[in-house]
Amino acid sequence: MKRPSGPLLLLVFLLIFPLIFREGYYQHLMILVLMWVAIGSGWNLISGYTGQVLFGAAAFFGVGAYTAALLSSKLELSAWWGLPLGGLLSVAIAFPFGWICFRLRGPYFALATLALNEIFRHIATIWESLTDGMIGILVMQTFISKVPYYYVALATAILSIVGVDYVIRSRWGYYFVSIREDQDAAESMGIDTLYYKMVSLCLSAFLIGITGALYTNYMGFIDPKVVFSLHDISIMAILVGIVGGVGTIYGPTVGAFIMVAVQEIFRTGGFGLLNAIGKATGWPFMTTVTKYISEAHVLSFGLLVIVVILFLPNGIVGDWGIIKKIFVRSKKPAV
Amino acid sequence: MAFFEVRDIVKYFGGLAAVNRVSFEVQEGQIYGLIGPNGSGKTTIFNLINGYFHLNKGQIWFQGEKISGLKTHQICQRGIGRTFQVVKPLKRMTVLDNVIASAFLRHHSRAEAQAWAEATIHFCGLTHFKDKVAKSLPIASRKRLEIARSLATRPKLILLDETAAGLNPHELEEAIALIKKIRDSGITVIIVEHIMKVIMSISDRIVAINHGMVITEGTPTEVASNPEVIKAYFGEDYRA
């Protein structure tokens, strides 16, 4: 009874969140967190549980996003159809990609996914007759209020967590983890490793693709630089997974909260704190510092990864025992 | 038609014939020994049977079906299990989860797979370690885990690769007892082993290999008294 209370409390909080925080800014941040929960869970399935590091989450995210945008701009359908169709189209891309590239192991597979990411970014940039290239695509938003988007994002996040949890407890989950632990042993246990790696990748691509389509609906504007971004999507997905805890159900949730917070703190220069100090003191160099810090958020990602890998190699959820111990010890040093 | 048959198999690594025209037959219910000095090609033969390496020439037949050319997991599905000489436990999973993952091959529901996994763990004498993480096990138990995981796929033929290496005398006795128990449960066994005490006491027939070629084949006493075998193991001076 005691263990699931944490996630349950969080769920209740998230359900009533938009009723408490009515300001658009906070709702916006929480929508981002929820989208990252879904992307992180998808990444975690293929990389955390199956052990095949995905360096190109943005390929599936962007395909989902462009599916939604093109349905609206070219076919004049609702961009909401992009959610199921974007997910399916991502799977349609993951399938042949996996069939070819899962013959590669370890870092070689990771590099192939990186290439997939770049290929799609270039296609979206160059194929101007379809995608309008760098100009991007504008989609009319359905709602003015952020609340409906919030609940769709919440539903997507819950779907991804419950879905991943269900898969991991099943036969598939056992096979995924066996492949991660030792691919040769898995083969000799009668597991078709190529097939199950593809199953895992397709499920991941589906979750990430749906979220991409949701992003288009919510933001109302996409361009190749944003949705196929290597550092803002692909690397961010890895960070959400690693910081939260690779191969844990709630890791991506914790990771999403932390990473969105870190990104936002840097983007806004400590929520305007640096700016305020600059104005109060009148030091001209503070303006320069503020400008550089907000541009240096990618650097902060790097530092964060170093800290996490050094001290919490299994992420915050995976090493929760260690974190707890630090606090318990500092309270009762006698024991 | 033999239960299991290796016909004239050849495997080259570069210009070196690691396995050169090896043939042998195994009857159902036997414990069949595969012996030879270090580097003579025993594990390579297992890797060829198992589909981990591709054959350059020859064929492998199992229960009237040609299995050479199939993939490793397909060969396991046909009913051939194997253990690894250098053990490959699924380190961060518990012993039970290791074996459940294997049991899913023949049992699709989680409950059935778990029941069969627990029975297999009990059969291998690992019940005590059931909830331990695999990487925390001592070597003797890791070797048993290899066997348990292989048995959980319900094989008709099991390939045991040096399951007795690195064990102390007491553990050795237990290992021999376990191998006999596997045979008595109706599974045919092919065993690679260095420890003569083990292989001589349990094998029904033995094939001796050196430099990738068959030296002799026969009952343990026939093989042990063969001058070529003695030469391969002890050198020229001991030639009978």
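The values are calculated or read from the model by the stated rules, or taken from the named source; none is laboratory data. These numbers come from a predicted model, not from an experiment. FYI the Cβ positions are ideal-geometry reconstructions off the backbone, even for glycines, and counts take in every protein chain you see.
Of (1) modelled with pLDDT of 95 or more; (2) more than 28 Å from residue A:130 (Cα to Cα); (3) buried (at least 20 other Cβ atoms within 10 Å of the Cβ), residue A:167 satisfies all except one. Which? So the condition that residue A:167 fails would be (3). When the residues of segment B:104-117 are filtered to those that are in a helix (DSSP H, G or I) and at the interface with chain A (Cβ under 9 Å from one of its Cβ atoms), the one that is modelled with the highest pLDDT is B:113. Restricted to segment B:134-144, and to residues there that are under 14 Å from residue B:85 (Cα atoms) and in contact with a helix residue (DSSP H, G or I) (Cβ under 6 Å, 6 or more places away or on another chain), the residue that is surrounded by the most Cβ atoms within 10 Å (Cβ to Cβ) is B:141. Of everything in segment B:53-62 that is more than 23 Å from residue A:181 (Cα to Cα) and either of a type in the set (D, E, K, R) or not in a strand (DSSP E or B) (or both), the residue that is farthest from the other protein chains (Cβ to nearest Cβ) is B:57. Looking across segment A:187-217, the residues that are at the interface with chain B (Cβ under 8 Å from one of its Cβ atoms) and among the hydrophobic types (A, V, I, L, M, F, W, C) come down to A:189, A:191.
Can you find even one residue in segment B:84-97 that is more than 26 Å from residue B:131 (Cβ to Cβ), at pLDDT below 95 and either surrounded by fewer than 23 Cβ atoms within 10 Å (Cβ to Cβ) or among the hydrophobic types (A, V, I, L, M, F, W, C) (or both)?
Looking only at segment B:84-97, we keep the residues that are more than 26 Å from residue B:131 (Cβ to Cβ), and these are B:85.
After this cut, where a residue has to be at pLDDT below 95 as well, the list is B:85.
Filter once more, keeping what is either surrounded by fewer than 23 Cβ atoms within 10 Å (Cβ to Cβ) or among the hydrophobic types (A, V, I, L, M, F, W, C) (or both): B:85.
Yes, because at least one residue in segment B:84-97 is more than 26 Å from residue B:131 (Cβ to Cβ), at pLDDT below 95 and either surrounded by fewer than 23 Cβ atoms within 10 Å (Cβ to Cβ) or among the hydrophobic types (A, V, I, L, M, F, W, C) (or both).
What number of residues within segment A:164-196 are out of contact with any Cys (no Cβ under 8 Å at 6 or more places or on another chain), under 17 Å from residue A:106 (Cβ atoms), of a type in the set (Asp, Glu) and assigned to a helix (DSSP H, G or I)? Residues meeting the conditions: 2. For segment B:113-130, the criterion of being in contact (Cβ under 8 Å) with a residue 12 or more places away in the chain and farther than 26 Å from residue B:184 by Cα is met by none of the residues. Contact annotation: residue pairs with Cβ atoms under 6 Å, 6 or more positions apart or on different chains, pairing a residue in segment B:73-92 that is over 18 Å from residue B:54 (Cβ atoms) with a partner that is among the hydrophobic types (A, V, I, L, M, F, W, C), are B:81/B:158; B:83/B:147; B:83/B:160; B:88/A:185; B:89/B:134; B:89/B:145; B:90/B:134; B:91/B:134.
Does residue B:27 fit the bill of being more than 10 Å from chain A (Cβ to nearest Cβ) and more than 14 Å from the chain's Cα centre (by Cα)? Steps first, answer last, please.
Numbers: more than 10 Å from chain A (Cβ to nearest Cβ): yes; more than 14 Å from the chain's Cα centre (by Cα): yes.
It is true that residue B:27 is more than 10 Å from chain A (Cβ to nearest Cβ) and more than 14 Å from the chain's Cα centre (by Cα).
The set of residues in segment A:137-163 that are within 22 Å of the chain's Cα centre (by Cα) and part of a loop (DSSP other than H, G, I, E, B) contains only A:146.
Among all residues of segment B:63-77, there is none that is in a strand (DSSP E or B), away from chain A (no Cβ under 14 Å) and within 20 Å of residue B:207 (Cα to Cα).
Take residue B:92 and decide whether it is among the charged types (D, E, K, R) and in contact with a Cys (Cβ under 8 Å, 6 or more places away or on another chain). No: the conditions fail for residue B:92.
State whether the residues of segment B:32-52 include one that is farther than 23 Å from residue B:203 by Cβ, in a loop (DSSP other than H, G, I, E, B) and either within 14 Å of chain A (Cβ to nearest Cβ) or among the basic types (Lys, Arg) (or both). Looking for residues that are farther than 23 Å from residue B:203 by Cβ, in a loop (DSSP other than H, G, I, E, B) and either within 14 Å of chain A (Cβ to nearest Cβ) or among the basic types (Lys, Arg) (or both), one finds at least one in segment B:32-52, hence yes.
With the condition kept exactly as written, say whether any residue in segment A:39-58 is without any contact (Cβ under 8 Å) to a residue 24 or more places away in the chain and either surrounded by fewer than 24 Cβ atoms within 10 Å (Cβ to Cβ) or closer than 18 Å to residue A:147 by Cα (or both). Show your work before the answer.
From segment A:39-58, those without any contact (Cβ under 8 Å) to a residue 24 or more places away in the chain are none; that's our starting set.
For segment A:39-58, residues without any contact (Cβ under 8 Å) to a residue 24 or more places away in the chain and either surrounded by fewer than 24 Cβ atoms within 10 Å (Cβ to Cβ) or closer than 18 Å to residue A:147 by Cα (or both): absent.
Can you confirm whether residue B:199 is assigned to a helix (DSSP H, G or I) and in contact with an Asp or Glu (Cβ under 6 Å, 6 or more places away or on another chain)?
So residue B:199 fits the description; yes.
Before we move on, is residue A:142 farther than 25 Å from residue A:31 by Cα, more than 14 Å from chain B (Cβ to nearest Cβ) and in contact with a Pro (Cβ under 9 Å, 6 or more places away or on another chain)? Taking the combined requirement at face value, the residue does not satisfy it.
Yes/no per residue for (1) surrounded by 14 or more Cβ atoms within 10 Å (Cβ to Cβ); (2) at pLDDT 95 or above; (3) more than 20 Å from residue A:34 (Cβ to Cβ); (4) not small (Gly, Ala, Ser):
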| residue | (1), (2), (3), (4) |
| --- | --- |
| A:88 | yes, yes, yes, yes |
| A:110 | yes, no, yes, no |
| A:127 | no, no, yes, yes |
| A:135 | no, no, yes, yes |
| A:138 | yes, no, yes, yes |
| A:145 | no, no, no, no |
| A:154 | yes, yes, no, yes |
| A:157 | yes, yes, no, no |
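State which residue is nearest to residue A:174 (Cα to Cα) when the search covers only segment B:78-88 and only residues that are facing chain A (nearest Cβ under 8 Å) and part of a loop (DSSP other than H, G, I, E, B).
B:88
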